[in-house]
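A short reminder: the numbers here are calculations on the coordinates, not readings from a lab. Because the structure is predicted, anything quoted here is derived from the model rather than measured. Glycine also receives a Cβ, built like all others from the backbone with ideal geometry; neighbour counts cover every protein chain displayed.
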Amino acid sequence: MKKRLLAAFCALLLLLSGCAPTLTGQAGAAAGQGRTLTVYRLAADRRSGELTGQELCPLPAGAGSELQAAVELFASPSGTEGLTCALPAGVTVEDWTLENGVVTLTLSEAFLDAPPMDRTAGALCAALTLCGLEGVDQVSVAAGGRTLFSGLVPADALLRDTDKDAFVRQLRLYFADDEGRYLASEYHSLTLAEDADADRYVMEELLRGPYSAELKSALPAGTELLSCATEDGICTVDLSAAFYEGRPMTAQGERLAVYSIVDSLTALPQVDSVVLLVEGRPVDTYVYLSLAEPLVRYERAVWSGVAGPETADVDLYLPLPGLEAVAPLPWQVAPEDGADLPEAVLAALLAAEEPGYPAVFPGSGALGGVTVEEGACTVELTESFFASLPDGARPAAVQSIAATLCALEGVDRVSFTIDGGPAVFDGTDWSGPWDAFDMAE
């Protein structure tokens, strides 16, 4: 027991000197209703060698931002027997800020009087807790007018157990949210042997599924891991036939299934890209996306954690490979100052880049304006828009714009103009109005 406690203390001191230690944690209780947060607490009795534990806490509705609620939960007393608040007794959170993904907690000066090990453990628990929110990448801790811990991330916590010759890491995994629109992250505590492969553990945890009741696996039922290995930054994952046979037959489902794996594995520092095989063979096309080449991380599939009047969660109907149909994909759009939502959504559509999907739109110079009146949306395009479309892409481009705008509240039909006149190009009238989407997925 003394050996384990000494190892824990040394690991914490290593963090103070800039090395990369990881605190151990146990799975929390079952999640309740509504959104929950995994809050890291300290063990009330450390004689067992365990320093921390996890507690699933409901995020209160209507309590301001998620980050504010998370900070308040972190600083609150624990509701789980055997666990205590990670902040030393008498220490309070006086302020917090979020800038460029870094949360800075300003604690009361009583934090300076706490033992060094308690200060470090509390700071690590803050990083483990708050980095569970999308949009939070690092945590810094300040007190008494100076920064005590800077840029902590969950991977900075490493606790070596010298009795078992193993270590515990916090790995960030991505599962589908409860609406099946985006990926959301969840940290899993994994005990690894010295020669164990983290990539295999990531895949095994993805197949086991999430802790939180708000999340669900994005992988087809019955999928099994056949092999997993990383070489020169490329992780090759071989999955059973169920991964292909049970694949979701929508662009949205495909995005979640594929990037649940890719984004989870590329969260490991040794993985740059992922190759997916089925029964040892490459897959040219999964649903719409080609898996023949290595896939890199794609943040657009992940919920940013931002919602409200300044950011809208919409569907962009993107032309599919082959240009025979369009399909909706969730997209977060933040209108710039002075822009209304339809205009911002159309601008996002023209600039959208989805891996594996054709680049159809010309982008800049194509948009003249968007107006909506009594459910009728008029889109003013320039002649350069139609002139720059690839051969055979005009039906898909028009359908993509019309379907995307008609999916917005208050828009029933869409008409087009070219440079202020009728939308006639090369003898074809594209004016509309369009209100049916025969080409939609």
statement: Scoring only Lys, Arg, Asp and Glu (+1, +1, -1, -1) among other residues with Cβ under 11 Å from the Cβ of Glu179 yields -2
message: Quick check of the Kirkwood formula: for region 170-301, what is the inverse mean of 1/r over all pairs of different Cα atoms, in Å?
response: 14.6 Å
message: Multiplying the sequence separation of Glu374 and Gln270 by 0.36 nm and subtracting their Cα-Cα distance, what value in nm do you get?
response: 32.0 nm
query: Per 5 Å bin, what percent of the C-alpha pairs of region 312-429 does each bin hold, from zero upward?
result: 2, 12, 23, 26, 22, 11, 3, 0
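Work out the FRET efficiency for Asp412 and Glu324 from their Cβ-Cβ distance, taking R0 = 35 Å, and round it to the nearest 0.05.
0.85
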field: Simple label model, 7 Å out from Cα along Cβ direction - Asp95 to Ala110, nm
entry: 2.0 nm
- request: Rounded to whole Hz and in sequence order, give me ³J(HN,Hα) for region 377-391 from the Karplus expression 6.51 cos²θ - 1.76 cosθ + 1.60, θ = phi - 60°, writing x for Gly and Pro.
  value: 9, 10, 10, 9, 10, 8, 4, 5, 4, 5, 5, 8, 5, x, 4
message: So if I place +1 on the C-beta of Lys and Arg and -1 on the C-beta of Asp and Glu, and nothing else carries charge, what would the dipole magnitude of region 170-301 be about its Cα centre? I want it in debye, nearest 20.
response: 400 debye
Cα gyration tensor category, rounded, prolate or oblate, for region 240-331 with a/c compared to 1.5: oblate
